[in-house]
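As structure tokens, the structure follows; a few thoughts come after it.
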Amino acid sequence: MTDDAYAAVSALPESADISLPAGQLHLRRTLIGDGPMIADALATRSVSRYLAALPYPPDEATLHTYLQFLCSSGQASRTMELNGAFAGIVTLSSQLTFWVVCKFWRKGLASRSIDWLAENYFSKPVDLPIKAEVHTANEASLALLTRKGFERSGSNKRRFSFVTETAEEFVPLLLSRSAWQIHKEGD
């Protein structure tokens with residue numbers, strides 16, 4: 001990550017409140033104290049299925065390392081809460097990652113969280129695109145990111161998945177400032 005991108009990620013607002021049809025989405029800085037809620041969510045195979053970097057279910061040491069990563073400098077990790085209930089994580093560092101607790105799927109949380117991150121990131125003087133990698137079978141996330149203006153960037157990558165204990169295919173995606181502007185104008 002370049003100094004400009006690091007500065008843009010580090011300068012993202014600490015929190016946001018976003019109105020959704022399902023209620024109030026609150027984004028706030030992820031805290032070490034979120035560990036028990038994150039552990040509960042990641043103990044659900046349908047949530048952790050596409051999180052290649054974490055085992056299923058994550059052991060205590062892995063969860064601790066993941067929380068340290070989310071809370072470290074250079075990350076813009078935000079905890080999603082819907083109407084006060086823990087709902088997931090969205091993070092922007094060298095790439096965008098997100099996951100949502102099953103009972104909150106299809107309520108617009110990931111969509112609006114990504115909008116918020118992209119809008120704040122591209123409001124800074126940075127020309128680097130936002131990167132993402134999505135499991136080829138994760139059709140919902142691929143469709144969401146494509147709707148946001150992300151475009152395929154090169155050929156698929158094989159990554160080891162600690163969940164399935166096999167190498168799996170991931171689609172590399174990029175969101176440029178110009179693609180974000182086009183997306184915003186179309187909304």
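Rundown of residues vs (1) in contact (Cβ under 8 Å) with a residue 12 or more places away in the chain; (2) farther than 24 Å from TYR6 by Cβ; (3) part of a loop (DSSP other than H, G, I, E, B); (4) open to solvent by 30 Å² or more (accessible area, probe 1.4 Å), yes/no style:
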{"site": "TYR66", "(1), (2), (3), (4)": "yes, no, no, yes"}
{"site": "LEU70", "(1), (2), (3), (4)": "yes, no, no, no"}
{"site": "GLU81", "(1), (2), (3), (4)": "yes, yes, no, yes"}
{"site": "LYS124", "(1), (2), (3), (4)": "yes, no, yes, yes"}
Exercise. Is it true that some residue in the stretch 138-145 is in contact (Cβ under 8 Å) with a residue 40 or more places away in the chain and either farther than 15 Å from GLN95 by Cβ or part of a loop (DSSP other than H, G, I, E, B) (or both)?
Worked result: yes
Problem set entry | Residues being of a type in the set (A, V, I, L, M, F, W, C) and modelled with pLDDT under 95 - total across the stretch 144-160 | 1
For this session: Quick one: which residue in TRP116, TRP180 is outside any strand (DSSP E or B), aromatic (Phe, Trp, Tyr), touching a Gly at 6+ places or on another chain (Cβ under 7 Å) and surrounded by 13 or more Cβ atoms within 10 Å (Cβ to Cβ)?
Result: TRP180
Problem set entry | Residues of the stretch 83-113 satisfying the condition of being under 13 Å from HIS26 (Cα atoms) and either assigned to a helix (DSSP H, G or I) or among the basic types (Lys, Arg) (or both) | LEU109, ALA110, ARG112, SER113
Exercise. Can you pull out the residues in the stretch 1-55 that are assigned to a helix (DSSP H, G or I), within 25 Å of VAL171 (Cβ to Cβ), of a type in the set (S, T, N, Q) and open to solvent by 20 Å² or more (accessible area, probe 1.4 Å)?
Worked result: SER46
Exercise. Is it the case that some residue within the stretch 138-145 is among the charged types (D, E, K, R), farther than 17 Å from SER111 by Cβ and surrounded by fewer than 12 Cβ atoms within 10 Å (Cβ to Cβ)?
Worked result: no
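The values are calculated or read from the model by the stated rules, or taken from the named source; none is laboratory data. Only a predicted model underlies this, so the values are computations on that prediction, with no experimental measurement involved. Because the Cβ atoms are built from the backbone with ideal geometry, glycine has one as well, and the counts that use them run over all protein chains shown. The area values use the complete protein model at the heavy-atom level, side chains included, leaving out ligands, DNA and RNA. Shrake-Rupley method; radii C 1.70, N 1.55, O 1.52, S 1.80 Å.
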